Amino acid sequence: MKALVIDDDPSTQKIMKLLLEKSGFEPVIHSDGQKGCEAALAPDAPSLVILDWMLPDMDGLAVCKKLRAAALRVRPYILFLTSKKEKADAASGLDIGADDFVSKPFNVAELQARLRVAQRTLEYQRELQKKAEAFEVHAQRSQLLGEISVKQKVADAPVQAAKAAVASAPGKKEIKPTDFSNQEIRFLLSATLMEMRLVLEAAKVRNGAEPLSLKSCDYCAWGGLLLGNDNAWLDIMVALKGTTLTALFGKALDRKATSEVEHRYFLAEIARAIMMGFMRTLERRSGGVQHPLMSRTVKVETSSAFPPLPPESKSYDLVIEGEAVQLILAMHECPALELAPGALRELDVLAEQFPSREVSEVPMFMSGVVLTPRFIEKLVYHVETSQVGELVRVRRPSGMAQYFNYAD
């Protein structure tokens, strides 16, 4: 995490540089208010600003006021570090928008503690921002789905017939991508795509000798299923060209997309619909199927290299409304791991309630919960304070699942 120090005193600059580095920050130093303010308003600005009151060009109060007036995506944490000692000065600094106020000369231990407070506050703010962005995504995608539903012109009878055909398809004991016959794939996709006002015209498994690659497309959407009873994770990917995405969007909604973001949400909903079709089929076969993570879309040309696909991955060449689309199924082993809370990672999925029923009848978290940094922090605290030393049973999503969830 970067920290911006705006102070014209060389001694303070040296001390703060050492102190911030020791506290795990990456210090950025500026000596005058104007340049410091510009650095704080930059797109890659540090989220922590340590600000002197008396500065050349622009004083600290003016800098603080300008930062608070700006419509910044991330609200910086501002800490005044100044020789001002009067209570009225501290009140003025806090009223103008600062989050904390420390007078020089300062106590090192106290300042380090205040920096930890700043770090925790920024982490909570980042977590809340991620949740707010997720809610916004859900809202926009729900609006898109509502629009599709309103425009739904396909009768329910063909959809129900296709779903019934999927339900009657024979199951197999071992669940792998190759277990799905071409007939199952056609019925499954026909039913789910009808829900999106799209018609599947053809579905053909790709020859195993042909190279399997996601780089031949412009966009790729992903959805993932956790098959708990089979200790497996299934990645489902839908890849296509940009022109194909434009054509399918227009067919489903009878209009053009207003932005690329709308295009990406639409493709993510196609992946979600297909994922739910596979989920219904797999649930009938073996049960214990979950979809813990939201479907997502990435633009291939702006994304880093995709994780390698397992050798048993299977690809289908689809024709939807006359447009070529690629469907990829990739199965991974996903055993339940018993880990100490400190070894947990973001996106790990709880394999059972915590604490376990043997320890407590009242769970803190239910099975299937996706761990966030805040949840992991709670688990660590619980184990440390309870002195039980209980391990946490989790399943770790595939590398592809982690890639799509961190791609943006």
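Could you tell me which residue of segment 6-58 is surrounded by the fewest Cβ atoms within 10 Å (Cβ to Cβ), considering only residues that are of a type in the set (Asp, Glu) and closer than 21 Å to Arg75 by Cβ? Among them, the one singled out is Asp44.
Matching residues to (1) modelled with pLDDT under 95; (2) over 25 Å from Leu234 (Cα atoms):
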site	(1), (2)
Asp348	no, no
Gln353	yes, no
Val359	yes, yes
Phe365	yes, no
Val370	yes, no
Glu377	yes, yes
Tyr381	yes, yes
Gln387	yes, yes
Pro397	no, no
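Quick one: in segment 378-408, which of the residues that are over 24 Å from Pro335 (Cβ atoms) and exposed (fewer than 15 other Cβ atoms within 10 Å of the Cβ) is nearest to the chain's Cα centre (by Cα)? Per the criteria, the residue is Asp408.
If only residues of segment 77-126 that are in contact (Cβ under 8 Å) with a residue 40 or more places away in the chain and closer than 18 Å to Gln13 by Cβ are counted, the one that is nearest to the chain's Cα centre (by Cα) is Leu115.
Kindly evaluate Val117 against the criterion of being assigned to a strand (DSSP E or B) and of a type in the set (Val, Ile, Thr). Walk me through how you get there before you give the answer.
On the way: assigned to a strand (DSSP E or B): no; of a type in the set (Val, Ile, Thr): yes.
So Val117 does not fit the description; no.
Apart from one condition, Asp52 fits all of (1) charged (D, E, K, R); (2) in contact with a helix residue (DSSP H, G or I) (Cβ under 6 Å, 6 or more places away or on another chain); (3) free of Cβ contacts under 8 Å to residues at least 24 places away in the same chain; the exception is (3).
When Ala70, Ala62 are checked against the criterion of being of a type in the set (A, V, I, L, M), surrounded by 15 or more Cβ atoms within 10 Å (Cβ to Cβ), over 30 Å from Lys378 (Cα atoms) and touching a residue at least 12 places away in the same chain (Cβ under 8 Å), a single residue qualifies: Ala62.
Only one of the listed residues (Ser304, Ser216) is modelled with pLDDT under 95, closer than 17 Å to Leu329 by Cα, in contact with a helix residue (DSSP H, G or I) (Cβ under 9 Å, 6 or more places away or on another chain) and not assigned by TED's automatic domain parsing to the domain that holds Thr372. That residue is Ser216.
Sort out for me the strands (runs of 3 or more DSSP E) sitting completely within segment 293-400 that have 1 or more residues that are of a type in the set (S, T, N, Q).
Working: elements: 296-299, 314-320, 323-333, 337-339, 392-395.
Once the strands (runs of 3 or more DSSP E) in segment 293-400 are filtered for at least 1 residues that are of a type in the set (S, T, N, Q), what remains is 296-299, 314-320, 323-333.
Among the residues making up segment 283-292, a single one is part of a helix (DSSP H, G or I) and within 28 Å of Thr372 (Cβ to Cβ): Glu283.
Could you tell me which of the residues Thr297, Thr258 is more than 20 Å from Glu333 (Cβ to Cβ) and either touching a Phe, Trp or Tyr at 6+ places or on another chain (Cβ under 9 Å) or among the aromatic types (Phe, Trp, Tyr) (or both)? Give the derivation first.
On the way: Thr258 fails: either touching a Phe, Trp or Tyr at 6+ places or on another chain (Cβ under 9 Å) or among the aromatic types (Phe, Trp, Tyr) (or both).
Going through Thr297, Thr258 in turn, the sole match is Thr297.
Return the residues of segment 229-251 that are of a type in the set (Val, Ile, Thr) and either outside the structural domain of Leu267 (by TED's automatic domain parsing) or over 20 Å from the mean Cα position of the chain (by Cα) (or both); say none if nothing qualifies.
Residues of segment 229-251 of a type in the set (Val, Ile, Thr): 236, 238, 243-244, 246.
Those that are of a type in the set (Val, Ile, Thr) and either outside the structural domain of Leu267 (by TED's automatic domain parsing) or over 20 Å from the mean Cα position of the chain (by Cα) (or both): Thr243, Thr244, Thr246.
Residue check, Lys256 against (1) of a type in the set (D, E, K, R); (2) crowded, with 17+ Cβ neighbours inside 10 Å; (3) farther than 30 Å from Glu127 by Cβ; (4) free of Cβ contacts under 8 Å to residues at least 60 places away in the same chain, all met but one. Which one? Failed condition: (2).
Scanning segment 78-100 for residues that are outside any helix (DSSP H, G or I) and either under 15 Å from Lys65 (Cα atoms) or not assigned by TED's automatic domain parsing to the domain that holds Arg68 (or both) returns Ile78, Leu79, Phe80, Gly97, Ala98, Asp99, Asp100. Residues in segment 265-278: is at least one surrounded by fewer than 18 Cβ atoms within 10 Å (Cβ to Cβ) and under 19 Å from Tyr406 (Cα atoms)? So far as segment 265-278 goes, no, none of its residues is surrounded by fewer than 18 Cβ atoms within 10 Å (Cβ to Cβ) and under 19 Å from Tyr406 (Cα atoms).
Residues are listed down the side, and each one gets a yes or a no for (1) at pLDDT below 95; (2) of a type in the set (Asp, Glu); (3) out of contact with any Asp or Glu (no Cβ under 6 Å at 6 or more places or on another chain):
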site: Ser31; (1), (2), (3): yes, no, no
site: Gln34; (1), (2), (3): yes, no, no
site: Ala42; (1), (2), (3): yes, no, yes
site: Trp53; (1), (2), (3): yes, no, yes
site: Asp57; (1), (2), (3): yes, yes, no
site: Arg73; (1), (2), (3): yes, no, yes
site: Glu86; (1), (2), (3): yes, yes, yes
site: Arg116; (1), (2), (3): yes, no, yes
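The values are calculated or read from the model by the stated rules, or taken from the named source; none is laboratory data. Please read these numbers as outputs of a predicted model, since none were measured by experiment. As a convention, Cβ positions derive from the backbone with ideal geometry for all residues, glycine included, and neighbour counts pool all protein chains shown.
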